[in-house]
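Any read-out appearing in this document is the output of simple, stated calculations on the displayed coordinates, not a laboratory observation. Because the structure is predicted, anything quoted here is derived from the model rather than measured. Cβ placement follows ideal geometry from the backbone for every residue including glycine, while neighbour counts extend to all protein chains displayed.
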Amino acid sequence: MQKSKLTLYIFIALISGVIAGYLYNVYVINTINTRISAAEANIKVIDARLATLKDSTTADFKLLKSNRTVQVSLRKASDDLREDKLEGFNILSKIFLNLIKMIVGPLVFSTLVVGVAKVGDIKAVGRIGGKTLLWFLSATLVSLLLGMLLVNLFQPGIEMHLRLPDSHLATGIKKSGISLKDFVDHVFPRSFFEAMTNNEILQIVVFSIFFGIATAAIGEKGEIVIKAMDAIAHIILKITGYVMMLAPLAVFGAITAIIAKQGLGILSTYAIFIGEFYFSLTVLWMVIIFAGFLVLRQRVFTLVSRIKDAMLIAFSTSTSEAAYPKVLLELERFGCNNKIVSFVLPLGYSFNLDGSMMYMTFASLFLAQAYNMHLSLGQQVTMLLILMLTSKGVAGVPRASLVVIAGTLPMFNIPEAGLALIIGIDPLLDMGRSATNVLGNAMATAVVSKWENELKE
């Protein structure tokens, strides 16, 4: 019920932000926008004339350069004035973003240690754990890759034409061209506390994996640590819940600022983004069902029919966890062994969220496109692999995808402020992601049961 209220408040904030942004655009920002547009038009005219002059020593050339400097100064002054006028709205979203960043490190560490420690029991479950992880990793990779391919095909952010903040104008995108030495320094921590202080997510992941494996390896003594870490994870999840209560304010601030700055025309880009993302989810559904068909044959359609109500619950509540009891029941009725269901399904809720995986590459590259930042294929693949690692630490957390994206964007010098652009529409997208996560986990459980010859007819 609380989550439903939060979603309602976010929708109210979204609509209020559109209205407030439109009014602010018309009565406050419009004159400033006109000055900015005029200055940019003049700069383009001057640049075109400069291109025709070969001799840079002539009086005409110097006059044009002088006029260009004046126009650039006018544009900068108008741009600064516009930002000042929007500062109050931007602060609302900045508070939320800072709080999200505050919980990223502790959340990744606590949840991943618990997850890895539980996976450390694979020796007891033998080949079941190995086959489960093989399916999870394959599904994660396919989901991320599909998101990357489709967002490059559709390019939903290309029409937004957002200007980079000044701090990004100076450095450009070169930071994400990581050398082998830089990559090693970026991945392997010199100090755990330094990694936590700087929110170096990959370093935290590496330490968490070692810590989790070692915790599982020491047996009974490790159980105390696992219980403690589980308790810490639940505390941080509670903090996450508190932080998410500020989401409506962040949505109002972010949407008001973007509409005030860009006008109502920007809404068409959001509509296109939502439509293309749901089309991409449909493609992912087809891939998951086809993969299940290769193992389960005709019974895959029976499985989908059985879990459709659970998927509807996940869709309407925007959380796959709400559908957990129903999925558990339907999988056992479908013929899956209880032992396998009780192992694979909970693990899937931490390590196998296919819809969320697709969204991470889709949204991250959408923001890069919105800022006109070109990421090479190598950089996109690097992002995909980083998301594949970092996402394993916060899966199952409310708005987990936003948390993971917040930790990944700085690595590629994409402005973190861009995250505010998708907070407002995230509840709409979260519904589809949650339903897809249910489908992916149910399919994984049924497939592993079949592989283990534990699936009754």
| remark: The exposure ranking of I204, I12, fewest beta-carbon neighbours within 10 Å first, is I12, I204
| query | If we count other beta carbons within 10 Å of each Cβ, what is the order of Y278, Y9, fewest first? | reply | Y278, Y9
| task | Please give the helix 201-217 orientation as an angle from the longest Cα principal axis of the chain, in degrees from 0 to 90, rounded to the nearest 10. | result | 10
| Distribution of pairwise C-alpha distances over the stretch 1-110, 5 Å bins, in % | 2, 10, 12, 12, 12, 11, 9, 9, 8, 7, 5, 3, 2, 1, 0
| When N is the residue count of the stretch 277-349, what does its C-alpha Rg come to as a fraction of 2.2 N^0.38 Å? | 1.12
| remark: Counting only backbone N atoms under 11 Å from a point 7 Å out along Cα-to-Cβ of R49, the residues of the stretch 67-90 in range are 67-68
| request: Using just the alpha carbons, could you tell me how many Å³ per residue the convex hull of the chain encloses? | output: 157
| request: Select from G17, L97, M148 the residue farthest towards the positive end of the dipole of the stretch 2-451; place +1 on Cβ of Lys and Arg, -1 on Cβ of Asp and Glu, and compute about the Cα centre. | output: M148
| request: Taking the Cβ of each residue in D84, D309 as the centre, tally the other Cβ atoms inside 10 Å and list the residues starting with the fewest. | output: D84, D309
| Alpha carbon centroid spacing (whole Å) that separates the stretch 259-302 from the stretch 324-351 | 25
| said: Just to confirm the number: angle between the C-alpha axis of helix 426-451 and the first principal axis of the chain, 0 to 90 degrees, nearest 10? | reply: 30
| task | Report, in degrees rounded to the nearest 10, the 0 to 90 angle that the Cα long axis of helix 324-334 makes with the longest principal axis of the chain. | result | 50
